[in-house]
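Below is one structure; the comments refer to it alone.
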Amino acid sequence: MPTLIRYRGRELDEQAVDFVQQFIAEHPGMSRRALSIELCKAWQWTQPNGAVCDAVCRGLLLALHRAGHIELPPPQWRSDKSPWRRHKPEAIELDQSPLEMSLAELGRVEVTQVRRNSNESLVNSLVEQHHYLGYSQPVGEHLKYLFSAGGRPVGCMMWSSAPRHLAPRDRHIGWAPAVRRANIRFVAYQTRFLILPWVRVPHLASHLLGRMARQLPVDWQTLYAHPIYFTETFVDPERNRGTCYRAANWTELGLTKGRGKADQTKKQNRSLKLLFGQPLVGDFRERLCAQPEGAS
């Protein structure tokens, strides 16, 4: 039976859409969010940590609704702002006296995972104030880190779920499309890396990248109940050459095509970025290219 709609890696044919229509009819008065939660339970659609995929399911239901395949109940709450337009993090004042010294003189750097604790707002604020891209709320699986030395913040880093399709990465790994869709969750994407502008410590950035290669897989497994085998990030070649990534043994994988994930024209609509990647295990290709269960 042909696919009617494909959304975030999930494909629905006419029979599956009929099931959704019947499910909605059997649950009158339910909100859209409640419907998505119960539908996830019916489909056993869960994350590796056991949480239902209700946010993705809501997006799927909305896509079906907009395409005319189903009729959703009216939303029970409306905002005068787009749900993606969040308030910017408030500025947090810090001691900005210069830190200029060698890495040895700086002393031990504390690496703290801050998601869902009191320091998360500090990381958000630092990125908004001092990173050239500003702060953007991550979606999906994500972690945030604060780096401190001598009781003072010196930088921070953010990670999220990886983009679904990046040609240089997919060639480097050797991914077929079906395997990529099944195993993309084993790749983490570094969305932000900031050394605070008043911190001038040679080799600090590459040192922190090395530390993260050891800590990130442990924290990801703890929070999301599945491993990661590969990390990646973009570098704007108009701003820098990715020197710290090269020093930390990351590999330059190639240039992007300059198209966003919502592109419909297949034409460049933004600047090209250099893609860097780093394996976290020696047999990353074998693990990332393993056939998903049930695949031939």
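The values are calculated or read from the model by the stated rules, or taken from the named source; none is laboratory data. Computed from a predicted structure; not experimentally measured. When we count neighbours, we look across all protein chains shown, and the Cβ atoms used for this are built from the backbone with ideal geometry, even at glycine.
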Q | Members of segment 38-51 found to be buried (at least 16 other Cβ atoms within 10 Å of the Cβ) and either at pLDDT 85 or above or part of a helix (DSSP H, G or I) (or both), listed by number | A | E38, L39, C40, W43, W45
Q: Confirm whether L216 is in a helix (DSSP H, G or I) and either touching a strand residue (DSSP E or B) at 6+ places or on another chain (Cβ under 8 Å) or touching a residue at least 40 places away in the same chain (Cβ under 8 Å) (or both).
A: yes
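Output the residues belonging to segment 271-296 that are under 24 Å from W250 (Cα atoms) and either at pLDDT below 90 or assigned to a strand (DSSP E or B) (or both). Give the derivation first.
Our first condition is that a residue be under 24 Å from W250 (Cα atoms); within segment 271-296, this holds for 271-290.
If the condition is that a residue be under 24 Å from W250 (Cα atoms) and either at pLDDT below 90 or assigned to a strand (DSSP E or B) (or both), then S271, L272, L274, L275, F276, G277, Q278, P279 are the ones that fit.
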Q. Considering segment 216-232 alone, what residues qualify as being surrounded by fewer than 16 Cβ atoms within 10 Å (Cβ to Cβ) and either closer than 16 Å to C156 by Cβ or among the small types (G, A, S) (or both)?
A. A225
